Amino acid sequence: MEEATFGAGCFWCVEAVFSELEGVSEVYPGYAGGHVKRPAYKEVCMGTTGHAEVARIKYDPSIISYDKLLEVFWFVHDPTTLNRQGNDVGEQYRSVVFYHNSKQQELAEKYKAKLIEEGAFKDPIVTEITELNNFYEAEPNHKDYYMNNPDQPYCRAVVRPKVEKFRSAFKDELKEKSGTV
């Protein structure tokens, strides 16, 4: 098993998407890249800790590649908005790839360069690619948040549309149990 860590806005969205991929065994919402040890959700939401909300993904590289994870990452969020995803504003919602090793760094930088070269987005990509220097798992109530709270207003308005868009585009990569809202 290997791990990947991505920040693409609210970690409820990121976890909901990546947990449905074949080859992904676990997704942990958490906080990375900040200066406060063991931050709490309220602190991170205030934007004073330097952390991004992230999803740490355990995956089997014999089933799903890091390149495929990167493809999903770039697809499910807007990498052109600095410190923002939709109505979620602040550095805690930044677009970031936290690499675990030099191979992940190389692949992430190549993927970003390819998207820039192809003009995949009309605005410049602001996604950070930085070494993972810390990770703190979020409080237990954030784990499987969308799965456990599908009718919560934020989940209905923000998470569900992202999950539906993802399922449509990546239907061949979904676990068999996925695909229903």
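Tabulated results
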quantity: Residues 56, 167, 156, sorted so that the one with the fewest Cβ neighbours within 10 Å comes first; calculated: 156, 167, 56
quantity: Karplus 3J(HN,Hα) series, Hz, for region 30-41 with 6.51 cos²θ - 1.76 cosθ + 1.60 (x for Gly, Pro); calculated: x, 10, 8, x, x, 10, 9, 6, 6, x, 9, 3
quantity: Built amide H within the under 5 Å cut-off of residue 174, gap 5+; calculated: 22
quantity: Neighbour-count ranking [beta-carbon atoms within 10 angstrom, fewest first] of 158, 24, 126; calculated: 126, 158, 24
quantity: Hz values of 3J(HN,Hα) by residue in region 100-108 - Karplus curve (6.51, -1.76, 1.60), Gly and Pro given as x; calculated: 9, 7, 5, 5, 4, 4, 4, 5, 5
quantity: Too-long pairs where the Cα-Cα distance tops 31 Å, listed order kept, from 114/143; 110/162; 122/143; 42/110; calculated: 114/143; 122/143; 42/110
quantity: For 84, 94, order by how many other beta-carbon atoms lie within 10 Å, fewest first; calculated: 84, 94
quantity: Normalised per residue, the volume of the convex hull around the Cα set of region 131-172 (Å³); calculated: 123
quantity: Choice from 112, 103, 58 with maximal GNM fluctuation in the chain (Cα, 10 Å cutoff); calculated: 103
quantity: Amide H contacts of residue 54 (H built 1.01 Å from N, under 5 Å, at least 5 apart or other chain); calculated: 30, 31, 32
quantity: Structure-based [θ]222 nm, the chain - -39500 (n - 2.57) summed over DSSP H runs of at least 4, per residue, nearest 500; calculated: -8500 deg cm²/dmol
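Bear in mind these aren't lab numbers, they're just calculated from the coordinates by the rules spelled out. In this text the structure is predicted, and so the values were computed from the model without any measurement. Positions of Cβ are backbone-derived with ideal geometry, glycine not excepted, and every protein chain shown enters the neighbour counts.
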